[in-house]
Amino acid sequence: MLKGFYSIPAGSAAIPAGSPNLIHIDRFGIREIDGVGRPQADMYTTELVGADASVYSGQTVKNRTITLSVDAQNEYAARELYRQFPYNTRRRFVFETEYDTYFIEGIIKGMPRTQGTSRRSEFEIPIFCPYPWFRSLRAHEVSVPYGTSFSARQAGDIRAGIVAYAEMAAGGKLRTFELSDNVGNAVSYRSSIYYQHVGTKGYVRLVDTTPGAHGFITMKAIQDITLTNDWVTVPPDEEGITITATFNTSETQNGKFVWYDTWGGI
């Protein structure tokens, strides 16, 4: 059962104070939210010549669209929805259920609206979500020095990416790092030119291994990233996985590693 629905700035780790709970029908008139279950995957098959059969080779889910059916109670409520769902702005949408609190990020496609002479106004709000999976709002986080292995597991049903950070000095330099697991996957960064961190001392994101939503220390870093077998991720099972991170420095660098329970639908 859905208890809360919020539109908050992208990247927010918590629901900001004062954010309206948009599920309140008496205020905002959101009657139905479609597209939060498991989306239908695109199937890849090859038809066999001379036989009534095909060969299955895989499936993917590229994105999802969540559609809100709205019956706004008055013009004030409709204007508030415009503010909560702006154009050309990535937003984080938070769903509270009896089981957990989840988020997904998306961009509003529009608000087609039918305006009549009554006080009510019916329209739909389609939300395009490039990364189609829901993640728990509360993250798993491990802080260990680079060169130390740690165990990672999650409770979801979709493999989860890991965001690796390193604590760097205001003028820190970086040439290589690697993230590997105990099943043979590795993500490594090797560059002939040092990356020069300019700014305050603190944690700097090195890599985000989230499938379909990868991120790197800089936009150009992708040309220096090498994969061994596959991206290092946390599988959707109870066994977990052992992660090892290395960093090219003579000092012991503090590392922070973050991942989320990731779900196909709620």
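Things to note:
- Across the chain, the mean sequence separation of Cα contacts (distance under 8 Å, 6 or more residues apart), normalised by length, yields a relative contact order of 21 percent.
- Per-peptide packing, taken as the mean over residues of other Cβ atoms within 10 Å, places 138-146, 37-45 in the sequence 138-146, 37-45 from highest down.
- Top positive-direction residue, dipole computed over the chain with Cβ charges, set 55, 39, 24: 24
- Cross-link reach is defined here as a Cα-Cα straight distance under 16 Å, omitting same-chain residues fewer than 8 places apart; for residue 220 the aspartates and glutamates meeting it are 208.
- Both radii were evaluated on the Cα set of segment 1-146; the Rg over Rh quotient, with Rh as the Kirkwood radius, amounts to 1.10.
- As a fraction of the 1.4 Å probe accessible area of segment 214-266, surface on carbon and sulfur atoms comes out at 45 percent.
- Proximal aspartates and glutamates relative to residue 201, as straight alpha-carbon distance under 17 Å, when same-chain residues fewer than 8 apart are discounted: 167, 251
- The aspartates and glutamates whose alpha-carbon is closer than 17 Å to the alpha-carbon of residue 3, local same-chain residues fewer than 8 away aside, are 26, 32, 34, 96, 98, 100.
- Full-extension gain in nm, residue 191 to residue 173, via 0.36 nm per residue minus C-alpha separation: 5.3 nm
- Cα-based helix-to-principal-axis angle, 75-84 vs the chain, degrees rounded to 10: 10 degrees
- Theoretical FRET efficiency, 1/(1+(r/R0)^6), r = Cβ-Cβ of residue 69 and residue 44, R0 35 Å, to 0.05: 0.60
- Using Cβ point charges alone (K and R +1, D and E -1), the dipole size of the chain about the Cα centre works out to roughly 1100 debye.
- Quotient of C-alpha Rg and 2.2 N^0.38 Å, computed over segment 129-266: 1.03
The values are calculated or read from the model by the stated rules, or taken from the named source; none is laboratory data. Worth saying up front: this structure is predicted, and the values here are computed from it rather than measured. Reconstructed Cβ throughout: ideal geometry from the backbone, glycine too, with neighbour counts over all protein chains shown. To get the accessible areas, we keep the full protein, side chains included, count just its heavy atoms, and leave off ligands, DNA and RNA. Shrake-Rupley method; radii C 1.70, N 1.55, O 1.52, S 1.80 Å.
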